[in-house]
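What follows is one structure encoded as structure tokens, with my remarks underneath.
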Amino acid sequence: MINRNDKRPIYDQLVEILRSKIENEMYPNEKMLSERGICEQYGVSRTTVRLAMAELEHMGYIYKRHGKGTFVAALNKNPQNLMDSYSFTDHMKEQGKNPSTKVLSFEVLESTNYFAENLGITPGEKMIKITRLRLADELPMMLERTYLPMKEFAGLTEELVSKKPLYEIFRDNYKEVIKVADEEFSAGLLSDKEAKLLGVPVDSACLKLLRTTYNKDNRVIEFTLSVARSDKFVYKIRHIR
């Protein structure tokens, strides 16, 4: 309970109380007490509750749904660091997890101006679009939409992509050596379809990733747009002077 003699701010104490309750007593997506309910239960002001809830949301313990209330986030004590490796398969194996992939679609399309520019090809030129759901220990983790220049990967089939990691296909079947992969990260909200595929509530927070992969000749061989569950990944970076 709140200790009025404690030198720590009351909202700090409330954060710790609620954090402990979430970790030990509550379940993912369980609804939290209302602000009024928390005020009454712990004898604190509405301002204190709002400060504490904002802190818990920032820490990733809770999320809000407009008009419906505040809910417990699906906590993960070992979030994956997206900077460790650009191969999802390799990264999950390093974490002792069993990675798997579901190919949701495999299409050959004419490239629009946007994708042509990002793939370094001519607008209207053929490209391959692969939509995949990435899982670890059967838990959905990431939804990827990958675009490949058709001229670099002629003969690629959905069957092969379903059986073998894409980067292994690059190396073994097409002798493509990856030189560098550039990634951009941004925060966002999942669409209804994305949330359903990832098994989380609609409007859940996500990490959006944009990856451009180059071969040893500095040609783009992959352009991927992904959404990752924000409760299962963490993005870390170290700045050195």
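The values are calculated or read from the model by the stated rules, or taken from the named source; none is laboratory data. Since the structure is predicted, the reported quantities are computational estimates derived from the model, not experimental observations. Virtual Cβ from ideal backbone geometry, glycine too; neighbours counted across all protein chains shown. Surface areas here come from the heavy atoms of the whole protein model, side chains and all, with no ligands, DNA or RNA. Shrake-Rupley method; radii C 1.70, N 1.55, O 1.52, S 1.80 Å.
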Note on the stretch 1-51: alpha-carbon gyration tensor, axes a ≥ b ≥ c; rule is a/c under 1.5 for rounded, else prolate if a/b larger than b/c, else oblate; result oblate
With every protein chain kept in the model, how would you rank M1, M59, M150 by accessible area, 1.4 Å probe, largest at the top?
M1, M59, M150
Quick check: with the 1.4 Å probe, what order do F115, F223 take by accessible area, largest first?
F115, F223
Over 25 Å (Cα to Cα) among K31/K102; K179/K232; K93/K208; K151/K232 -> K31/K102; K179/K232; K151/K232
Quick check for you: with a 1.4 Å probe and neighbouring chains kept, what is the accessible area per residue of the chain, in Å²?
58
How far is helix 46-59 tilted off the main Cα axis of the chain, in degrees rounded to 10, range 0 to 90?
30
When the helices in the chain are scored as -39500 (n - 2.57) per DSSP H run of 4 or longer and the sum is shared across all residues, what 222 nm value do you end up with, to the nearest 500 deg cm²/dmol?
-9000 deg cm²/dmol
How about the stretch 143-241: which GluC sites (Glu not before Pro) there lie in a loop by DSSP and see at most 12 other Cβ atoms within 10 Å?
none
In whole percent, the fraction of accessible protein surface over the chain that belongs to carbon or sulfur atoms, probe radius 1.4 Å, stands at 48
What is the helix-to-structure angle for 10-25, meaning the angle in degrees between its Cα long axis and the longest Cα principal axis of the chain, kept from 0 to 90 and rounded to the nearest 10?
60
